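S.K.: Okay, handing you the structure first.
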Amino acid sequence: MTNVTKSGAATGRRALVGAPLLVAAAGGRPARVPVWFMRQAGRSLPEYRRLRAGSSMLSACLNPELVCEITAQPVRRHGVDAAILFSDIVLPLHAAGVDLDIVPGTGPVVAAPVRSMADVSALPVLDGAAVGPVAEAIGLLLRELGDLPLIGFAGAPFTLASYLIEGGPSRHHERTKALMHSDPRTWHALLDRLAEITLTFLRVQLDAGVDAVQLFDSWAGALSERDYRELVLPHSAKVLSGLDGAGVPRIHFGVGTGELLGAMREAGADVVGVDWRVPLDEAARRLAAAVPGGPAPVVQGNLDPAVLLADFDVIEREVRRIVAEGRAAGGHIFNLGHGVLPDTDPEVITRVVELIHTLEP
Ligand code: CP3
């Protein structure tokens, strides 16, 4: 079915009344605790490894049939409450023409790191048509998923900037921090450009019909709250406010962000992702304090992905604790505190979903 948005553009968005994920995201009480997992698609699944054999990550992300199938695999297997588009945060940079690769076992590697104003000026702009295969994949998925919500996503300007400046994954983000402090003009110019690319990528996904979006600022937790507020928050806020009126929940996630939770909510999130370092009742308290008199905060998280490798009685205790603590928030979407680790037994994930679905929201 095709709906017509306020702007008059035809989209494939469906009206998913009552989907537990969307009810929880709006601060309502769903019929059951919704659950999905970051990286639910991927190397933990043998059917993924079979399908991916012989194709590069970036070419797989631009193959609509493959994206549709890989996205649907964990839904069929685990019975989760949402699908997340199979893609990558660096895909829009690649599609725009930035020379980069995703190296297995390492992550994104950038051929020519961005470290000067001239480098920033030379960055390409993303034409939405360049990620047309992503929109096509979403079209296939809307038919495949029926009334199950599909989550779209993009990388936040800071996390993308870290890959571009460091040239690849980084433990300390030292060049990124050096640039942001010593050359704030170049820094803000870079984040402004990245916010535009991210917004274009998210709008393509929204126009194609995704039901929610997640902004991944995975490495923001490396920053102090002061630096985050001054050097990062305005750019993430530009992305999130650019989606005002889209009518879908915006999830804002990072790792190690206990000290940043309030600021991440202020950036314009409807749902804030919480890793495993802060319990959800405490996270809800910090989020509520950030917006006095605002609606009760909605949280997503916060099982430690490593706990899935422990004995099941340990997992069950942790799941029950997290669901109980999540009741302190205005809404709770169960998830891990970060992505599924590749060595996770997928049968354990399925059991965790079954357990969560027996618990009172
Ligand atoms: O959650 C999902 O199921 C959707 C898929 C997804 C992928 N990347 C697929 C992927 C999502 C949401 C991402 C986002 C992403 N990519 C982030 C933010 C989320 C996070 O983990 O914090 C980041 C930082 C990246 C960058 C990136 N891409 C890394 C660090 C890696 C892993 C490198 C490795 O091999 O260990 C990738 C590659 C990648 N993205 C894989 C998958 C399934 C592995 C590719 C493979 O199968 O070889």
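S.K.: Name the single residue, out of those in the range 104-133 being open to solvent by less than 50 Å² (accessible area, probe 1.4 Å) and among the aliphatic types (A, V, I, L, M), that is farthest from the ligand (Cβ to nearest atom).
M.R.: Val120
S.K.: Would you be able to tell me the number of residues in the range 272-321 that are in contact with a Pro (Cβ under 9 Å, 6 or more places away or on another chain), among the hydrophobic types (A, V, I, L, M, F, W, C) and crowded, with 21+ Cβ neighbours inside 10 Å?
M.R.: 5
S.K.: Look at the range 209-240 and say how many of its residues are more than 14 Å from Ser162 (Cβ to Cβ) and either among the polar types (S, T, N, Q) or touching a strand residue (DSSP E or B) at 6+ places or on another chain (Cβ under 7 Å) (or both).
M.R.: Qualifying residue count for the region: 10.
S.K.: A follow-up question, please. Given (1) away from the ligand (no atom under 14 Å from the Cβ); (2) open to solvent by less than 10 Å² (accessible area, probe 1.4 Å); (3) closer than 19 Å to Glu196 by Cα, where does Leu261 come up short, assuming only one miss?
M.R.: (3)
S.K.: Looking at Gly209, Gly256, Gly247 in this structure, which one is open to solvent by less than 10 Å² (accessible area, probe 1.4 Å) and farther than 22 Å from Pro184 by Cβ?
M.R.: Of the residues listed, the single one that is open to solvent by less than 10 Å² (accessible area, probe 1.4 Å) and farther than 22 Å from Pro184 by Cβ is Gly209.
S.K.: If you don't mind, another one. Could you please find all residues in the range 71-97 being more than 11 Å from the ligand (Cβ to nearest atom), surrounded by fewer than 21 Cβ atoms within 10 Å (Cβ to Cβ) and assigned to a loop (DSSP other than H, G, I, E, B)?
M.R.: Result: Gly79, Gly97.
For (1) assigned to a loop (DSSP other than H, G, I, E, B); (2) of a type in the set (A, V, I, L, M); (3) more than 16 Å from the ligand (Cβ to nearest atom), each residue gets a yes or a no:
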residue	(1), (2), (3)
Ala154	no, yes, no
Leu160	no, yes, no
Arg171	yes, no, no
Ala178	no, yes, yes
Arg185	no, no, yes
Leu190	no, yes, yes
Ala195	no, yes, yes
Thr200	no, no, yes
Leu206	no, yes, yes
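S.K.: Counting only residues that are open to solvent by less than 10 Å² (accessible area, probe 1.4 Å), give me the helices (runs of 4 or more DSSP H) lying completely in the range 17-63 with at least 1 of them.
M.R.: By residue number, 20-25, 57-61.
S.K.: Continuing with this model, one more query. If the Cβ limit is 9 Å and pairs must be 6+ apart or interchain, which residue in the range 94-117 that is farther than 20 Å from Ser55 by Cβ pairs with which residue that is among the polar types (S, T, N, Q) and open to solvent by 30 Å² or more (accessible area, probe 1.4 Å)?
M.R.: So the pair list comes out as Ala96/Thr200.
S.K.: Give the number of residues within the range 134-152 that are in a helix (DSSP H, G or I), more than 18 Å from Ala96 (Cα to Cα) and aliphatic (A, V, I, L, M).
M.R.: 6
S.K.: Kindly evaluate Gly245 against the criterion of being modelled with pLDDT under 95 and either at positive phi or part of a strand (DSSP E or B) (or both).
M.R.: Here the answer is yes, as Gly245 does meet what is asked.
S.K.: Can you find a residue that is among the small types (Gly, Ala, Ser) and farther than 30 Å from Arg77 by Cβ anywhere in the range 144-157?
M.R.: No, there is no match, as no residue in the range 144-157 is among the small types (Gly, Ala, Ser) and farther than 30 Å from Arg77 by Cβ.
S.K.: Give the residues of the range 204-218 that are within 27 Å of Val274 (Cβ to Cβ) and not hydroxyl-bearing (Ser, Thr, Tyr), sorted by residue number.
M.R.: Gln205, Leu206, Val210, Asp211, Ala212, Val213, Gln214, Leu215, Phe216, Asp217
S.K.: While we're looking at this one, here's another question. With respect to the numbered conditions (1) open to solvent by 30 Å² or more (accessible area, probe 1.4 Å); (2) closer than 22 Å to Gly301 by Cα, which one is the sole condition not fulfilled by Thr159?
M.R.: (1)
S.K.: Check off (1) open to solvent by 50 Å² or more (accessible area, probe 1.4 Å); (2) within 23 Å of the chain's Cα centre (by Cα) for Ala329 and give me the number that stays unchecked.
M.R.: Of the numbered conditions (1) open to solvent by 50 Å² or more (accessible area, probe 1.4 Å); (2) within 23 Å of the chain's Cα centre (by Cα), the odd one out for Ala329 is (1).
The values are calculated or read from the model by the stated rules, or taken from the named source; none is laboratory data. Everything quoted here is computed from the prediction, not taken from an experiment. Cβ atoms come from the backbone with ideal geometry, glycine included; neighbour counts cover every protein chain shown. All accessible areas refer to the heavy atoms of the entire protein, side chains included, with ligands and DNA or RNA removed. Shrake-Rupley method; radii C 1.70, N 1.55, O 1.52, S 1.80 Å.
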